[in-house]
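Read through the structure below, which is laid out as structure tokens, and then see the notes.
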Amino acid sequence: MPNMSLKKNEMPVQAPEVRCHNFEEVALGYTKEQAMDEAARCLNCKNKPCISGCPVAIDIPAFIEKVKEGQFEEAYGILNRSSSLPAVCGRVCPQETQCESRCVRGIKGEPVAIGRLERFVADWHNAHTENAPEKPASNGRRVAVIGAGPSGLTCAGDLAKLGYEVTVFEALHLAGGVLVYGIPEFRLPKAIVQKEIDNLTALGVTMNTNMVIGRTLSVDELFEDGFEAVFIGSGAGLPRFMGIPGENLKGVYSANEFLTRVNLMKAYREGSATPIQEAKRVAVVGGGNVAMDAARCAKRLGADEVSIVYRRSEEEMPARLEEVEHAKEEGILFRVLTNPVEILGNEEKFVAGMRCVEMELGEPDTSGRRSPIVKEGSEFVLDVDCVVMSIGTSPNPLIRNTTQGLEVNRRGCFIVEEETGRTSREGVYAGGDAVTGAATVILAMGAGKTAAKSIHEYLQNQPEHSSRV
Amino acid sequence: MFTILKKRRLNPTVTLMEIDAPLVAKKAEPGQFIILRVNEEGERIPLTVADFDREKGSVTVIFQIVGATTKQLDQLEEGDALQDFVGPLGVASHTEGLKKVAVIGGGVGCAIAYPIAKKLHQQGAEVHAVVGFRNQDLVILEKEFREASGKLVLMTDDGSAGQKGLVTQALKELIEAGNQYDEVIAIGPLIMMKFVSQLTREYGIKTVVSMNPIMIDGTGMCGGCRLTVGGETKFACVDGPDFDGHLVDFDEAIERSGMYRGFERHAYESACHLLNKEEAPHA
């Protein structure tokens, strides 16, 4: 008999007043009992609409069935068939717009908490299994993956499982991409990312850090070195700025810089070698998940007042509802319909305020959202000593500028065939933010998966070690 | 691992290290830079390539001990290894087509100016080098510059070596004496590059400066290294590090370089304090 409760099992979390002073994980995860109780809410319906909402097509009802029976390791096996990073996805996927949005239980009441169950199963596996996955027999064919972020790691994992010798080239000193430099510890503990990367290494994937493709080696040299196919998952790492006066004052950060200092370089720890400004009043400009992450980091670093400054209304905010709620619980102020026009500095050229205007919403623009219009005479100065610009990123030009035959669109994103991830150059595939512009972890993973499948099909039809230079 | 093949102290605060890094050595060109970390907990710091040996697979860096990280780096010896060493980053200096060039180096900036002077000299360009230091104890690479230039003017603030005065005075004299330079390349403290650029603007001589701002990744990701050049925001790591000296907003760059001064002083003092503790039993 299914559990007919209209509500999801609540996820235990650290209390807001406690967690806003530490970097430990906010959500604590289901207990075994909560997980089994929640799993019993799944009707195991005939049409399984949830699967079509998952970019990597996890067999959701099947893994939930195993959770209901208490067969957690079997549940993990089902997850792992489709996802290389279940502990990550269970935490950062926007399930409310994907699998859970299609759940029939959501028609009347709340959908099954698929994300929380995925997280539970992956964590249970990591806590109870010592065995690293076994390295499959090698087929002797080499594939290069550029970028150790979500799309690259997924592509590498899938190809390794098929027997390919995969080398991942990462520009930073640590693998993980946005999972380690961008998403904060309190939302995605770095030990979890490392565990997933260790699993890939056990599958035989080589992680080559400190390698900037386009500088240290070129794509052509990878082919010369004997790689038979290349996947580009270099992300969208270039931060945008608004182009307003005062943006180069001391105390203005891109969200990338702010988060990289905090997460990758551990600036939040006492005695870290990497500095970060000790700001008291912080404005984070933007309304996405990255803005929420930056604001919540600023609070944890000890700021008295942190505001999100967003030019549209809360309804148009691209951030996940859960992130917005968590941020509000932690005391982040939301100054919506507000747009900065100038950042003010003091004599020493540190930030001393931000001049803003109020906005109102007009007609829908090309993105379908109502476009913000300046309210006449609404100018005011926000008292801040630090500004974090979180208004988006663009793909890094390094690879496209150093590789012949790769077509890009006018935003600098690689042009690929959607069903295969194939670029305009033979043997070269791409996916993730490098193709779409800034998007989500799971979409990047889906693209990595698609490309792995296409690379496998492509190489099966190629004579071994043929050169495509 | 990136092993230190050679270590040489060039003056009391400046050290040369030759690092085993074959892939970086294969691609490095004068004007480019690398990023290194001393140890697992270390910060990422950019250093400009001072020399490279493609056959040996080594890259030479020359650094001044200014903060905690360079202090730790200076504690390493030949045979020790660096945690990370990535590059070559940035755009190489343009030297093609230059026939007569004045290369200006200030302090540790001479380490970066030298490979450019050498490359120009090897290309057959006439190189006039002007190098400046605070005093005779801090003079580095004098012999190397002499070999790589047709004319070398050594300046010190106190006159203890070469002539007394600033590099701008020497450059002005060379220009006034009728030398017609295709380009002036100035590398050193921001304030020196600012005044060299001011001087050459009066004479209408194209001037290239090498910027070395605070950065983290060195690949365009953090934007911490941004500068205003000709009214536009540029990232030193991917658009530079070389820029037109007549367009760079030096005052802004000088301000930005002081962003973490308080933190750096504190970190440097604790690094020194730690080292003193470690060294105490042997003292």
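Every read-out reported here was derived from the displayed coordinates using simple, explicitly stated rules and does not represent laboratory data. Please read these numbers as outputs of a predicted model, since none were measured by experiment. Glycine gets a Cβ as well: all are built from the backbone with ideal geometry, and neighbour counts include every protein chain shown.
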**Message:** Restricting to bridges with both residues inside the stretch A:109-218, how much of the DSSP beta-bridge set is antiparallel, in percent to the nearest 5?
**Reply:** 0
**Request:** Scan around B:Gly31 for amide H atoms under 5 Å from its own, H built in the peptide plane at 1.01 Å from N, and keep only partners 5 or more places away or cross-chain.
**Result:** B:Val49, B:Ser93
**Request:** Rounding to the nearest 20 debye, state how big the charge dipole of the stretch A:1-104 is about its Cα centre with +1 on each Lys and Arg Cβ and -1 on each Asp and Glu Cβ.
**Result:** 380
**Message:** With +1 assigned to the C-beta of every Lys and Arg and -1 to the C-beta of every Asp and Glu, and no other charges, what is the dipole magnitude of the protein assembly as shown about the Cα centre in debye, to the nearest 20?
**Reply:** 600
**Prompt:** For the stretch A:351-469, what is the relative contact order in percent, using Cα pairs closer than 8 Å and at least 6 residues apart in sequence?
**Reply:** 17
**Complete:** Expressed as a whole-number percentage, the relative contact order of chain A with C-alpha contacts under 8 angstrom and at least six residues apart is 16
**Asked** How far is helix B:167-176 tilted, in degrees, relative to the longest principal axis of the Cα atoms in chain B, given as a value from 0 to 90 rounded to the nearest 10?
**Response** 20
**Request:** Compute the length gained on full extension between A:Glu325 and A:Met1: take 0.36 nm times their separation in residues and subtract their Cα-Cα distance, giving the result in nm to one decimal.
**Result:** 113.3 nm
**Request:** List the residues whose amide H sits under 5 Å from the amide H of A:Leu238, counting only those 5 or more places along or on another chain, with H placed 1.01 Å from N in the peptide plane.
**Result:** A:Ser394, A:Asn396
**Complete:** In chain A, taking the dipole from +1 charges on Lys and Arg beta carbons and -1 charges on Asp and Glu beta carbons about the Cα centre, the listed residue (A:Val336, A:Gly115, A:Tyr310) farthest towards the positive end is A:Gly115
**Asked** With charges only on Cβ, +1 for K and R and -1 for D and E, what is the dipole size of the stretch B:172-283 about its Cα centre, in debye, rounded to 20?
**Response** 220
**Request:** Calculate the spin-label point distance for A:Glu96 paired with A:Arg369, positioning each point 7 Å from the Cα along the beta-carbon direction, and give it in nanometres.
**Result:** 1.5
**Prompt:** HN-Hα J couplings of the stretch B:100-109 from phi, Karplus 6.51/-1.76/1.60, θ = phi - 60°, integer Hz, Gly and Pro as x?
**Reply:** 9, 9, 9, 9, 10, x, x, x, 5, x
**Prompt:** Looking only at B:Pro12, B:Pro213, B:Pro30, which one moves most when chain B is put into a Gaussian network model with springs between Cα atoms under 10 Å?
**Reply:** B:Pro12
**Request:** Would you compute, from DSSP H runs of 4+ residues alone, the mean residue ellipticity of chain A at 222 nm, taking -39500 (n - 2.57) per run and dividing by the full residue count, rounded to the nearest 500?
**Result:** -9000 deg cm²/dmol
**Request:** Between B:Thr233 and B:Ile254, take the C-beta separation as r, use R0 = 25 Å, and let me know the FRET efficiency to the nearest 0.05.
**Result:** 0.90
**Asked** Assuming R0 = 41 Å, what is the FRET efficiency of A:Gln462 and A:Glu69, from their Cβ-Cβ distance, to the nearest 0.05?
**Response** 0.40
**Asked** Can you give the angle from 0 to 90° between the axis of helix B:261-279 and the longest principal axis of chain B, with both taken from C-alpha atoms, to the nearest 10?
**Response** 50
**Item:** trypsin sites (Lys or Arg not before Pro) restricted to the stretch A:254-339 and DSSP loop, no more than 13 other C-beta within 10 Å
**Value:** A:Arg269
**Item:** Cα Rg, Dmax (largest Cα-Cα span) when computed across chain A, Å
**Value:** 22.9, 70
**Asked** Where in chain A are the DSSP H helices whose alpha-carbon span along the long axis reaches 15 Å or more and whose Kyte-Doolittle mean is at least 0.0?
**Response** A:150-161, A:441-460
**Message:** Taking a virtual spin label 7 Å from the Cα of A:Asn139 along the C-beta vector, which residues in the stretch A:165-190 bring their backbone nitrogen under 18 Å of it?
**Reply:** A:165-168
**Request:** Find me the longest stretch of chain B that has none of the exposed GluC sites (Glu not before Pro), where exposed means in a DSSP loop (not H, G, I, E or B) with at most 13 other Cβ atoms within 10 Å.
**Result:** B:97-283
**Asked** Other chains near A:375-386: what is the mean number of their Cβ atoms within 10 Å of each residue's Cβ?
**Response** 0
**Item:** Interchain or long-range residues, amide H under 5 Å from A:Ala352's placed H
**Value:** A:Leu344, A:Gly345, A:Asn346
**Asked** When the convex hull of the Cα atoms of the stretch A:67-186 is projected onto a plane and the area is averaged over all directions, what value comes out in nm²?
**Response** 9.4
**Item:** Local electrostatic count at A:Ile373 - Lys and Arg +1, Asp and Glu -1, tallied over other residues with Cβ under 15 Å
**Value:** -2
**Prompt:** Hey, what angle do you get for helix B:110-122 against the long axis of chain B, alpha-carbon based, 0 to 90 degrees rounded to 10?
**Reply:** 50
**Prompt:** For peptide A:237-245, how many partner chain Cβ atoms fall within 10 Å of a residue's Cβ, on average?
**Reply:** 3
**Request:** Compute the relative contact order of chain B as a whole-number percentage, counting only Cα pairs closer than 8 Å that sit 6 or more residues apart in sequence.
**Result:** 17
